[in-house]
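Accompanying notes for the structure given below.
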Amino acid sequence: MKETKTEEHDFKENFQRVTISGVFMANIPEGTAPVVFLENDDNRVLPIYIGAAEAFSIQCAIEKLPYPRPLTHDLLISMIEGLDSNIEKVIIDDINDGIFFARIILSKNGGEYEFDARPSDSIALAVRVDAPVFVSRKVMENASVDKEAYKLR
């Protein structure tokens, strides 16, 4: 199921590619929490609060740290690749009551398959295979902040 030119144009109009700026600890009323920052070309960052295990997994992948045994996301990549599939892209396309929604797009034998997933797991997988991450423009407009608000460089 390849995208038509119209679908491709609509995708480019409605989504923007982001980079993973890193995983950080942020102060919240309850203490501190891990947060992953996704940055667009306009110096806006989308902060997504994640769990400690996912933060560890993403940071290990960013830094390419070896781990004695496969982490869950490493296992999933091995399974996906073992089934002759590839992660084409990750899409973060909605937010509802502070909860982000993501989809992982896999390809196999010329077909594309879409899976609902948490953004943290999606990002952890994307980092491992250098898959692009896209965020809907609507989500960026509603939930991103200026990079300077977090004093990121």
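Assuming T19 fulfils every condition listed in (1) of a type outside the set (D, E, K, R); (2) in contact (Cβ under 8 Å) with a residue 12 or more places away in the chain; (3) in a loop (DSSP other than H, G, I, E, B) apart from one, which condition is it?
T19 satisfies every listed condition except (3).
In contact with a helix residue (DSSP H, G or I) (Cβ under 6 Å, 6 or more places away or on another chain) and surrounded by 12 or more Cβ atoms within 10 Å (Cβ to Cβ): does that describe I105? Let's see the steps before the verdict.
Details: in contact with a helix residue (DSSP H, G or I) (Cβ under 6 Å, 6 or more places away or on another chain): no; surrounded by 12 or more Cβ atoms within 10 Å (Cβ to Cβ): yes.
Here the answer is no, as I105 does not meet what is asked.
Taking T6 as meeting all but one of (1) touching a helix residue (DSSP H, G or I) at 6+ places or on another chain (Cβ under 7 Å); (2) modelled with pLDDT under 90, write down the number of the exception.
So T6 meets the others, but not (1).
Determine, yes or no, whether D42 is at pLDDT 95 or above, closer than 22 Å to K147 by Cα, out of contact with any Gly (no Cβ under 9 Å at 6 or more places or on another chain) and not β-branched (V, I, T).
On the way: at pLDDT 95 or above: no; closer than 22 Å to K147 by Cα: yes; out of contact with any Gly (no Cβ under 9 Å at 6 or more places or on another chain): yes; not β-branched (V, I, T): yes.
For D42, the condition - at pLDDT 95 or above, closer than 22 Å to K147 by Cα, out of contact with any Gly (no Cβ under 9 Å at 6 or more places or on another chain) and not β-branched (V, I, T) - is not met.
Residues of the range 22-47 being closer than 30 Å to G111 by Cα and assigned to a strand (DSSP E or B), which ones? Walk me through how you get there before you give the answer.
First pass over the range 22-47, keeping only residues closer than 30 Å to G111 by Cα: 38-40.
Answer for the range 22-47, where residues must be closer than 30 Å to G111 by Cα and assigned to a strand (DSSP E or B): L38, E39.
The values are calculated or read from the model by the stated rules, or taken from the named source; none is laboratory data. Computed from a predicted structure; not experimentally measured. Glycine also receives a Cβ, built like all others from the backbone with ideal geometry; neighbour counts cover every protein chain displayed.
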